[in-house]
Amino acid sequence: MQTEIINTGSELMLGRVLNTHQQWLCRQLSDLGYGVTRQVAVSDEGSRIQTAVRESLVRADLIITTGGLGPTSDDRTRDLIAEMLGADLVCNEEILSCITHFFTSRQRRMPESTKIQAMIPRGAVVLMNAHGTAPGLIMQVPSGKFRAAATWLVMLPGPPRELRPMFTEQIVPWLRDTLPCESEFVCRTLKTTGLGESRVEELIAPHLKHLTDAGLELGYCARVGEVDLRFVARGCGAAQNVAEAESISRRLMADFIYGADDDQLETVIVRLLTDRKQTLALAESCTGGFIANRITNVPGASAVLWGGAVSYANEAKTKWLGVNPATLATHGAVSEATAREMAEGARRIAGSDFAISVTGIAGPDGGTPEKPVGTVFIGMATPQSITVQKFQNRFDRETFKYVTSQQALEMLRRELRHK
């Protein structure tokens, strides 16, 4: 089945609003077994919306549009599609009543312009909006009008808080009843860190050739500090092929795979520490608390994170963590010796099972020939030992902080994995 998505809104084209629909809808549809073949974004200019829809009607079995169903002058999707299809707009009294109730229940005056949302193309199926005033719509474009087969056209409101529940609560059941998937669909993602995209492919692809020859789709997605390894299979035996691909990949890259599907490294860390009833303390300099931020984003982190010190200044390193002033004078703040004492001090003060320290030069200034911008030392203290690793992270400051936090968390994951 050919599925296409058309995101409307001039704010998207101006870069003023992030288009989260393209990722969210594709994920929902692919998990249900409906592959998206094309996706476009267009401004609110009338001819552009109609051109995009007309192009999709020639190819697609299912078209989903987002945005342009509201009450303002730039909400034109519903009207333009109705005009293009030659469908009259008629007032739906149930929608009008719901809009009126929306405002009265909130003790707000209802602008006259909001009533236009009750005008729907004749024959359209209405999707009620429990989180706003603009209803969604489903229309069937009959065969012969644009192509030999009929096309289903779904119009969803733009705000994510309205679109997402409408999709999951109303569109998903409708899809299963009206356009059921005819074959098995399986998608699995393995999350890796510590290797580049090309190296992951080099390690994996030759050993999966018999599966890719049989139809398994193998994909890679590189992000800052990570590479996703994706397996997609359809039809008879899809689950078995994906399971075999995962088993082979885990055997070949066991040290670099930290999770699967929606796992995040910090989530894995919290889970491992929780399972072991162990605790962690942090001593951050160049990351400015970013490691603590990632960990505390995970529900349940309070059970494992004792606390952390953002010891940015040398005085903070000595007063809070007990770093020897002589160490700083001899080796400098960015050094193996300082990272070691920071980790040791954090674990001693916290009485935690583990402590991580980071100290480095984020740039763009401050580097020397011996310690160029991007130099990072990451320390990890355990009850048995203290280890320090040196990295060169030559990125902008924001990316530097993320990559450094990724390396620190990965050091801890590997320690926990082998215990």
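Only one residue in V334, V323 is under 18 Å from G307 (Cβ atoms) and touching a Ser or Thr at 6+ places or on another chain (Cβ under 9 Å). Which one?
Going through V334, V323 in turn, the sole match is V323.
So that you can scan it fast, the table gives a plain yes or no per residue for (1) free of Cβ contacts under 8 Å to residues at least 12 places away in the same chain; (2) under 24 Å from G70 (Cα atoms); (3) in contact with a Cys (Cβ under 6 Å, 6 or more places away or on another chain):
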| site | (1), (2), (3) |
| --- | --- |
| Q2 | no, no, no |
| T8 | no, yes, no |
| E11 | yes, yes, no |
| G15 | yes, yes, no |
| L25 | no, yes, no |
| Q39 | no, yes, no |
| Q50 | no, yes, no |
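So which residues in region 202-216 are touching a residue at least 12 places away in the same chain (Cβ under 8 Å) and surrounded by fewer than 16 Cβ atoms within 10 Å (Cβ to Cβ)?
Passing the criteria: A205, H207, A214, G215.
Tell me, which strands (runs of 3 or more DSSP E) lie completely within region 1-89 with 1 or more residues that are over 21 Å from E169 (Cα atoms) and among the small types (G, A, S)?
Once the strands (runs of 3 or more DSSP E) in region 1-89 are filtered for at least 1 residues that are over 21 Å from E169 (Cα atoms) and among the small types (G, A, S), what remains is 36-42.
Is one or more of the residues making up region 214-221 touching a Ser or Thr at 6+ places or on another chain (Cβ under 6 Å), more than 30 Å from L137 (Cβ to Cβ) and of a type outside the set (F, W, Y)?
For region 214-221, residues touching a Ser or Thr at 6+ places or on another chain (Cβ under 6 Å), more than 30 Å from L137 (Cβ to Cβ) and of a type outside the set (F, W, Y): present.
Based on this model, can you work out whether V90 counts as surrounded by fewer than 16 Cβ atoms within 10 Å (Cβ to Cβ) and free of Cβ contacts under 8 Å to residues at least 24 places away in the same chain?
no
Give D88, D61, D75 a once-over and let me know the one that is among the acidic types (D, E), in the same structural domain as Q39 (by TED's automatic domain parsing) and over 26 Å from V40 (Cα atoms).
It is D88.
Identify all residues within region 1-34 that are surrounded by 17 or more Cβ atoms within 10 Å (Cβ to Cβ) and of a type in the set (G, A, S); write none if there are none.
Within region 1-34, G9, G33 qualify.
Of the conditions (1) modelled with pLDDT of 95 or more; (2) of a type in the set (V, I, T); (3) closer than 30 Å to D262 by Cα, V53 satisfies every one except a single condition; which number is it?
Going through (1) modelled with pLDDT of 95 or more; (2) of a type in the set (V, I, T); (3) closer than 30 Å to D262 by Cα one by one, V53 breaks only (3).
Checking the condition in contact (Cβ under 8 Å) with a residue 40 or more places away in the chain, of a type outside the set (A, V, I, L, M, F, W, C) and buried (at least 16 other Cβ atoms within 10 Å of the Cβ), which residue from R54, R78, R59 passes?
From the options R54, R78, R59, the qualifying one is R78.
Report yes if T192 is out of contact with any strand residue (DSSP E or B) (no Cβ under 8 Å at 6 or more places or on another chain) and either under 20 Å from R27 (Cα atoms) or in the same structural domain as A239 (by TED's automatic domain parsing) (or both), otherwise no. Can you show your working first?
Values: out of contact with any strand residue (DSSP E or B) (no Cβ under 8 Å at 6 or more places or on another chain): no; either under 20 Å from R27 (Cα atoms) or in the same structural domain as A239 (by TED's automatic domain parsing) (or both): yes.
No, not satisfied.
Could you name every one of the strands (runs of 3 or more DSSP E) located completely within region 104-219 that has at least 3 residues being of a type in the set (A, V, I, L, M, F, W, C)?
Ranges flagged: 125-127, 136-141, 151-156, 185-192.
Going through region 127-154 one residue at a time, which ones are farther than 23 Å from F103 by Cα and either polar (S, T, N, Q) or touching a helix residue (DSSP H, G or I) at 6+ places or on another chain (Cβ under 9 Å) (or both)?
Let us first name the residues in region 127-154 that are farther than 23 Å from F103 by Cα, namely 138-154.
Listed by number, the residues that qualify are I138, M139, Q140, V141, S143, K145, F146, R147, T151, W152, L153, V154.
For region 344-366, indicate whether the set of residues that are small (G, A, S), in contact with a Gly (Cβ under 8 Å, 6 or more places away or on another chain) and without any contact (Cβ under 8 Å) to a residue 40 or more places away in the chain is non-empty.
Yes, the conditions are met somewhere in region 344-366.
The values are calculated or read from the model by the stated rules, or taken from the named source; none is laboratory data. Values in this document were obtained by computation on a predicted structure and should not be read as measured data. In this analysis, Cβ positions are derived from the backbone assuming ideal geometry, glycine residues included, and neighbour counts consider all displayed protein chains.
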